[in-house]
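One structure is given below, encoded as structure tokens.
The values are calculated or read from the model by the stated rules, or taken from the named source; none is laboratory data. Every value quoted in this text rests on a predicted model; they were computed, and no experiment measured them. Heads up, the Cβs are rebuilt from the backbone with ideal geometry, glycines too, and the neighbour counts pull from every protein chain shown.
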Amino acid sequence: MKNTFGNQVAITLFGESHGEAIGAVIDGLAPGIKIDEEFIKAQLSLRRPSGKISTSRKEQDEFKIVSGAFKGFTTGSPLCIIIPNSDTRSADYGEGMVIPRPSHADFAANVKYRGFENYCGGGHFSGRITAAIVAAGAIVMGALKAKGINIGTHISRCAGVDDRGFENYDEDIKVLSTLTFSALDECKGEEMKAKIEAAKAQGDSVGGVLETAVTGLPAGVGEPWFDSLEGVLSHALFSIPGVKGVEFGAGFGISDMLGSEANDTFYMDKDTVKTKTNNSGGINGGISNGSPVIFRCALRPTPTISKEQDSVNLIDKTDTVLSAKGRHDPCIVHRARVVVDSITALTIADMLVQKYSTDWLSK
């Protein structure tokens, strides 16, 4: 029953979708990291629902830091963030977990927790819990920015519509930080929104692909084999509800290239070693090579839809049909991008602290 991730900088998540509150405890943060509450609020606002393309559930995410901070800086003790739930409707989920929703964690959680789980709105498995990841990630992201490490994610593909790729990484990341809907091509973004609305009108949902760039990460971060940079990042990214695939650099496409095409050849830029291409996504042998770290996450369509779906009755062991109630997103891709940024920041911070020192983030 583990809910903690990380070695030197570790995050523990708690709470349920329709419980009193959700939150996170970050352990291992160095003292002296500046806490920018306005930035935390801004990051949380990027995760909140947005108009017709999102759920009607409206949470204010009025977080409170109850430990680990003093006079605007981390103290070095465990930092605890609590975010109250204010817009819950547990009655939408009936008297018990009788009919599991297809492709949700309902059935698997019911088996694992023997029926004692809080199932309302997905309980501890809900995307609602990602608000705590975003709040925690915002603290670490500020420390990374001070070190020249920037993280940005755009909607590479949604409902069959493709965005343009990264061109000038740092400039694009700066632009993305100002966008609620993170498509680099505004026209493509509007086309994606129209497709999401169309799916919602039909009682259905859509998925997509998020592409993330991390710039400024020094070479030499990561371990060979079991704690490779790709491996640890993938471990963290797959914890985000709805993520069903992760690829780095050219990804699966690299399998169709010749070695002469796939190899990232080196050159000298004054005193710095660089690569002419980045098919490896900034990672060789599980270790960062100084190029931007590039990866993509595939997100499934939201499993809760308004259409009737086949399911089972767990009490009388019969087949049945489910008509889903409750509020849900016709697409989670645009809200998930800040979650990807945040979990990436937490993971990279942990790996940097392991390489350099506990105090490195605050020096």
Item to check | From the options TYR169, TYR119, residue that is among the aromatic types (Phe, Trp, Tyr) and surrounded by 21 or more Cβ atoms within 10 Å (Cβ to Cβ) | outcome: TYR119
Next on the checklist: From the list THR180, THR215, THR153, exactly one residue is farther than 24 Å from GLU247 by Cβ, β-branched (Val, Ile, Thr) and either buried (at least 18 other Cβ atoms within 10 Å of the Cβ) or in contact (Cβ under 8 Å) with a residue 40 or more places away in the chain (or both). Which is it?
Outcome noted: THR180
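Suppose we filter the stretch 17-69 for residues that are of a type in the set (Gly, Ala, Ser) and closer than 23 Å to PHE5 by Cα; how many remain?
Initially, the stretch 17-69 is screened for residues of a type in the set (Gly, Ala, Ser), giving 17, 19, 21, 23-24, 28, 30, 32, 42, 45, 50-51, 54, 56, 67-69.
Narrowing further to those that are closer than 23 Å to PHE5 by Cα: 17, 19, 21, 23-24, 28, 30, 32, 67-69.
Within the stretch 17-69, residues that are of a type in the set (Gly, Ala, Ser) and closer than 23 Å to PHE5 by Cα number 11.
Please work out which residue is nearest to GLY121 (Cα to Cα), limiting yourself to the stretch 286-322 and to residues that are of a type in the set (D, E, K, R) and within 22 Å of the chain's Cα centre (by Cα).
Applying the first criterion (of a type in the set (D, E, K, R)) to the stretch 286-322 yields 296, 300, 307-308, 310, 316-317, 319.
So of that shortlist, the ones also within 22 Å of the chain's Cα centre (by Cα) come out as 296, 300.
Working: ARG296: 28, ARG300: 18 Å.
Among them, the one singled out is ARG300.
Listed here are the residues, each with its yes/no results for (1) in a loop (DSSP other than H, G, I, E, B); (2) of a type in the set (Ser, Thr, Tyr); (3) in contact with a strand residue (DSSP E or B) (Cβ under 8 Å, 6 or more places away or on another chain).
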{"residue": "ASP264", "(1), (2), (3)": "yes, no, yes"}
{"residue": "LYS274", "(1), (2), (3)": "no, no, yes"}
{"residue": "ASN279", "(1), (2), (3)": "yes, no, no"}
{"residue": "PHE295", "(1), (2), (3)": "no, no, yes"}
{"residue": "ALA298", "(1), (2), (3)": "no, no, yes"}
{"residue": "THR302", "(1), (2), (3)": "yes, yes, no"}
{"residue": "ILE305", "(1), (2), (3)": "yes, no, no"}
{"residue": "ASP316", "(1), (2), (3)": "yes, no, no"}
{"residue": "LYS325", "(1), (2), (3)": "yes, no, no"}
Checklist entry - Between a first residue in the stretch 112-132 that is at pLDDT below 90 and assigned to a loop (DSSP other than H, G, I, E, B) and a second residue that is surrounded by fewer than 19 Cβ atoms within 10 Å (Cβ to Cβ) and aromatic (Phe, Trp, Tyr), which pairs have beta carbons less than 6 Å apart while being 6 or more apart in sequence or on different chains? => result none
Next on the checklist: Pull out all pairs, ordered by first then second residue, where Cβ-Cβ is under 7 Å, the residues are six or more apart or on different chains, the first lies in the stretch 186-198 and is in contact (Cβ under 8 Å) with a residue 40 or more places away in the chain, and the second is part of a helix (DSSP H, G or I).
Outcome noted: LYS193/ILE53; ILE196/ILE53; GLU197/LYS52; GLU197/ILE53
Checklist entry - In the stretch 267-303, what residues are surrounded by fewer than 22 Cβ atoms within 10 Å (Cβ to Cβ) and either over 22 Å from ILE149 (Cα atoms) or among the aliphatic types (A, V, I, L, M) (or both)? => result TYR267, MET268, VAL273, ILE287, ALA298, ARG300, PRO301, PRO303
Checklist entry - Considering the stretch 156-176 alone, what residues qualify as being under 24 Å from TRP360 (Cβ atoms) and either free of Cβ contacts under 8 Å to residues at least 24 places away in the same chain or not β-branched (Val, Ile, Thr) (or both)? => result TYR169, ASP170
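Quick check, is GLY222 within 25 Å of ASP172 (Cβ to Cβ) and either under 24 Å from the mean Cα position of the chain (by Cα) or touching a residue at least 24 places away in the same chain (Cβ under 8 Å) (or both)? Let's see the steps before the verdict.
Details: within 25 Å of ASP172 (Cβ to Cβ): yes; either under 24 Å from the mean Cα position of the chain (by Cα) or touching a residue at least 24 places away in the same chain (Cβ under 8 Å) (or both): yes.
Spelling it out, GLY222 is indeed within 25 Å of ASP172 (Cβ to Cβ) and either under 24 Å from the mean Cα position of the chain (by Cα) or touching a residue at least 24 places away in the same chain (Cβ under 8 Å) (or both).
Rundown of residues vs (1) out of contact with any strand residue (DSSP E or B) (no Cβ under 9 Å at 6 or more places or on another chain); (2) part of a helix (DSSP H, G or I); (3) more than 22 Å from PHE248 (Cα to Cα); (4) of a type in the set (Phe, Trp, Tyr), yes/no style:
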| position | (1), (2), (3), (4) |
| --- | --- |
| PHE166 | no, no, no, yes |
| GLU171 | yes, yes, no, no |
| VAL175 | no, yes, yes, no |
| LYS188 | no, yes, yes, no |
| GLU191 | no, yes, yes, no |
| LYS200 | yes, yes, yes, no |
| VAL206 | no, no, yes, no |
| THR212 | no, no, no, no |
| GLY220 | no, no, no, no |
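Could you please find all residues in the stretch 236-254 being in a helix (DSSP H, G or I) and either among the aromatic types (Phe, Trp, Tyr) or touching a Gly at 6+ places or on another chain (Cβ under 9 Å) (or both)?
As a first pass, look at the stretch 236-254 and keep what is in a helix (DSSP H, G or I): 236-237, 251-254.
Scanning the stretch 236-254 gives ALA236, GLY251, PHE252.
Hey, could you check the stretch 341-357 for residues that are of a type outside the set (A, V, I, L, M) and within 13 Å of the chain's Cα centre (by Cα) and say which is surrounded by the most Cβ atoms within 10 Å (Cβ to Cβ)?
Among those residues, the one meeting the criterion is SER342.
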Checklist entry - Taking the stretch 149-164 as the region of interest, how many residues are assigned to a strand (DSSP E or B) and either in contact with a Leu (Cβ under 6 Å, 6 or more places away or on another chain) or of a type in the set (A, V, I, L, M, F, W, C) (or both)? => result 7
Checklist entry - Of the residues ALA24, ALA10, ALA69, ALA30, which is modelled with pLDDT of 95 or more, of a type in the set (Gly, Ala, Ser) and under 22 Å from ARG335 (Cβ atoms)? => result ALA24
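Only one residue in SER205, SER182 is hydroxyl-bearing (Ser, Thr, Tyr), closer than 26 Å to GLY290 by Cα and either modelled with pLDDT of 95 or more or touching a helix residue (DSSP H, G or I) at 6+ places or on another chain (Cβ under 8 Å) (or both), so which one is that? Spell out how you get there, then give the answer.
On the way: SER205 fails: closer than 26 Å to GLY290 by Cα.
The match here is SER182.
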Checklist entry - Any chance the stretch 38-51 includes a residue that's of a type in the set (Lys, Arg), at pLDDT below 95 and surrounded by 18 or more Cβ atoms within 10 Å (Cβ to Cβ)? => result yes
